[in-house]
Amino acid sequence: MPCWLCVGDIATGDGRYEPLGAPVYWIHGNNDNFDAIAAGALPADLHHIPNGTVIEVAVAKATAPRVRVAGLGGTFAPTWYEERASELPSPGSPVGPALQGRPRVKDDKRRHFVREEVEACKALGDVDIFLTHEAAKPFRAFPGGRGPDAGKAQINEVLAAMRPRLHLFGHHHRFSDEVREGVRSVGLDLVTRSYVLLDAASLDVRLMQMG
């Protein structure tokens, strides 16, 4: 059975996770259900990759190579970047001692990545595929390469240190195929428009258009 990789935002609009009929290895985006992730309340075929960790993914054939996949989910927010991941608050929650003096938050700050997770990613080696939600710099989200640079320098830092064979990212819902820090960096569109097929050995990328 083939497996799938996902770069985040896989929950339904009301925060549910549904069985998808094949193993899915994924990082969270900024529109996921962080209570469900924390509780492990996920379908059996949905495998969340915590930030700063690497897993081995078994592909379809027993004789095929295992692919090492690392992840850094979520978005960058400068006001929360120096906090510990364990201190990022959920909506309306009391803040921990390290965050005393901050107002209660209305949205879920667990959707952001922080420095300690970036440093953990930079320390990882022998990674085949690095999944992120954010893009590396430069990335201009509008067609034709227009608009402000939406990439994040932290992703470039990890790519330069980790040296994965392939980088996949999402968030901006536009397909792109570039090289960043000497690493092929592929932006994924909404799955309703396109997806990519990867060869497990070569990691060659084949774009598949929907419709």
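No value in this document is a laboratory result; all are computed from the given coordinates. Everything numeric in this text was worked out from a predicted model, so none of it was measured. With ideal geometry, Cβ positions are generated from the backbone for all residues, glycine too; neighbour counts draw on all protein chains shown.
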Task: Descending Cα extents along the principal axes, the chain, whole Å - done: 53, 38, 36
TODO: For the chain, please report how many Lys pairs fall under 28 Å Cα to Cα, leaving out neighbours fewer than 8 apart on the same chain.
DONE: 7
- [ ] Quick one: angle between helix 153-162 and the longest Cα principal axis of the chain, in degrees between 0 and 90, rounded to 10, please.
- [x] 50 degrees
Task: region 167-211 shape via C-alpha gyration tensor axes, a/c threshold 1.5 - done: oblate
TODO: Positive end of the charge dipole of the chain (Lys, Arg +1 and Asp, Glu -1 on Cβ, about the Cα centre): tell me which of 200, 29, 171 has its Cα farthest that way.
DONE: 171
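Let me know the charge dipole size of the chain about its Cα centre in debye, to the nearest 20, where only the beta-carbon of Lys, Arg (+1) and Asp, Glu (-1) is charged.
Magnitude of the dipole: close to 320 debye.
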